[in-house]
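K.L.:
The structure under discussion is supplied below as structure tokens; questions concerning it will follow.
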Amino acid sequence: MGRKLARFVEADQPVKYMGGFDHTLVHCPRCDGMAVRRVARVTCGSCAYTSDLKREPKVERVEPPQIVMCPECNRYVGTYREDLRLQRLHCRGCDWTREPVLRRPWVAPKRERLPRLWLETTFRGERLWAENEQHLRFLEEYVAAGVRETGSSNSTIASRLPAWIKSGKNREDLLRALAKLRSRLP
Ligand SMILES: [Zn+2]
Ligand SMILES: [Zn+2]
């Protein structure tokens, strides 16, 4: 007989949603020791490093109005403030038209440059991580539990966990991996 498995009750968790943790443990960008990130500030207790992460100032894109002349008869077609590719252009003089280009060019999303997480490891090729001790405890309790009482919301931390964490088959191995993460805590 195996040991009796604990119960995980989502409603009892102090933090149920990501973004609810007030700090994240990260690698100090200077000494690689354990540092704390709160919002955009990283503070290291070992080397006294403090830095505000650079936030790109939002650049308002102001496009000057563009005057379009008909390429056929050189008549005035219109003035646009928006991206011209998205407008249908039509010349009333000669019936010249140009259909809008509906697809915008693909732009790769910018990766936020943040320090590496302190509590992070790989588990069978997947990223296993926790923001801080509280998040780690959440995962430990979730993984250890034989019965998990979760709400119907699909936006909670528990509901968003990947199948390989939810699966009972990985319980023992996951608990070992989480214990290794815990050993990184002071
Ligand atoms: Zn440091
Ligand atoms: Zn024309």
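No lab work stands behind these numbers, since they all come straight from the coordinates. These numbers were taken from a predicted model, which means no experiment stands behind them. Note that each Cβ is placed from the backbone with ideal geometry, even for glycine, and that neighbours are counted across all protein chains shown.
K.L.:
Which net charge results when you count Lys and Arg as +1 and Asp and Glu as -1 among the other residues whose beta-carbon is under 14 Å from that of Gly33?
P.N.:
Spelling it out: positives minus negatives among the neighbours equals +3.
K.L.:
Taking R0 as 25 Å, what's the FRET efficiency between Thr43 and Arg127 from their Cβ-Cβ distance, rounded to 0.05?
P.N.:
Approximately 0.55, to the nearest 0.05.
K.L.:
May I ask you to sort Lys180, Lys4 by Cβ crowding, counting other Cβ atoms within 10 Å and putting the fewest first?
P.N.:
Least crowded to most crowded, the residues run Lys4, Lys180.
K.L.:
Moving on to the next point. Give me Arg75, Arg30 ranked fewest to most by other Cβ atoms within 10 Å of their Cβ, as a rough exposure proxy.
P.N.:
Arg75, Arg30
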